[in-house]
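The values are calculated or read from the model by the stated rules, or taken from the named source; none is laboratory data. The structure displayed is predicted, hence computed values, not measured ones. Neighbour counts run over all protein chains shown; Cβ positions are idealised from the backbone, glycine included.
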Amino acid sequence: MWERGFVFVPLSHIFFFISTMTTLLEAELKVKVLKWTEKLCRALEQDYRNYALRTCMDNQEKVSSEYMQERIREIENDDRSMKFFIEKGRKYYKVCMLWRGTQDDVSVHCFVDKKTGEVYKPAGWKKPAKYVRFDMRDETQRARLYNVCQWNGGHLYMR
């Protein structure tokens, strides 16, 4: 009756298998998106350190060198610098800037979609702007994001 090698599998089992695999893949992507967003935060902090060091070097002739040497040490030791952190929302990760370690000076840098890894410029404190700026699922866009990211958000403007 049945040909050799043929196995009957109920359709419900196939749908269960596909939905389970889809759920696992979605969960894996969510973990990757969080990891990529953390890496973005570290890249933004490094960009700020580079900017602050450049500024100190440029102003060294204008301001007392003792003060500038102290400031350079602070920047290199990561004291009193800008921090980037992630606030988890329902749909988005909110990448926030914490200025000089005070809770009062917090602003939104960008939004990252938890499910897709798409990066958005903020429209305000609570919601992203309309268009996707980067897609972190794409390896080349992700590498470009890490290379061109600016602590002040200039990389998020559409060109």
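Scan segment 137-151 for residues that are within 16 Å of Asp47 (Cβ to Cβ), free of Cβ contacts under 8 Å to residues at least 40 places away in the same chain and out of contact with any His (no Cβ under 6 Å at 6 or more places or on another chain) and jot them down.
Ala143, Arg144, Asn147
Inspect all residues belonging to segment 128-147 and state whether any of them is surrounded by 12 or more Cβ atoms within 10 Å (Cβ to Cβ), out of contact with any strand residue (DSSP E or B) (no Cβ under 9 Å at 6 or more places or on another chain) and assigned to a helix (DSSP H, G or I).
Looking for residues that are surrounded by 12 or more Cβ atoms within 10 Å (Cβ to Cβ), out of contact with any strand residue (DSSP E or B) (no Cβ under 9 Å at 6 or more places or on another chain) and assigned to a helix (DSSP H, G or I), one finds at least one in segment 128-147, hence yes.
May I ask you to list pairs of residues, at least six apart or on different chains, whose Cβ atoms are under 7 Å apart, with the first in segment 30-44 being more than 10 Å from Cys110 (Cβ to Cβ) and the second being part of a helix (DSSP H, G or I)?
Trp36/Arg142; Lys39/Tyr146; Ala43/Tyr146
Select from segment 114-144 the residues that are out of contact with any Asp or Glu (no Cβ under 9 Å at 6 or more places or on another chain) and within 13 Å of Thr37 (Cβ to Cβ) and list them in ascending order.
Lys114 - this is the single residue of segment 114-144 that is out of contact with any Asp or Glu (no Cβ under 9 Å at 6 or more places or on another chain) and within 13 Å of Thr37 (Cβ to Cβ).
Do the conditions hold for Trp125, that is, is it part of a loop (DSSP other than H, G, I, E, B) and surrounded by 19 or more Cβ atoms within 10 Å (Cβ to Cβ)?
no
Taking the condition touching a His at 6+ places or on another chain (Cβ under 9 Å) and more than 23 Å from Arg54 (Cβ to Cβ), does Phe134 pass?
The answer is yes for Phe134.
Test Thr55 against the criterion of being hydroxyl-bearing (Ser, Thr, Tyr), modelled with pLDDT of 75 or more, farther than 22 Å from Asp135 by Cβ and assigned to a helix (DSSP H, G or I), and give yes or no.
Yes, satisfied.
Which pairs do you get when a residue that is in contact (Cβ under 8 Å) with a residue 40 or more places away in the chain, found in segment 81-102, comes within reach of a residue that is loosely packed, with under 14 Cβ neighbours inside 10 Å and among the basic types (Lys, Arg), reach meaning Cβ atoms under 8 angstrom, with the pair 6+ apart or on two chains?
That search, which allows pairs on different chains as well, returns Met82/Arg100; Phe84/Arg42.
Identify the single condition in (1) closer than 25 Å to Glu26 by Cβ; (2) not acidic (Asp, Glu); (3) not in a loop (DSSP other than H, G, I, E, B) that Ser107 does not satisfy, given that it satisfies every other one.
The one condition Ser107 does not meet is (1).
When segment 80-115 is examined, which residues are found to be loosely packed, with under 15 Cβ neighbours inside 10 Å and at pLDDT 90 or above?
Listed by number, the residues that qualify are Phe85, Glu87, Lys88, Gly89, Arg90, Lys91, Ser107, Lys115.
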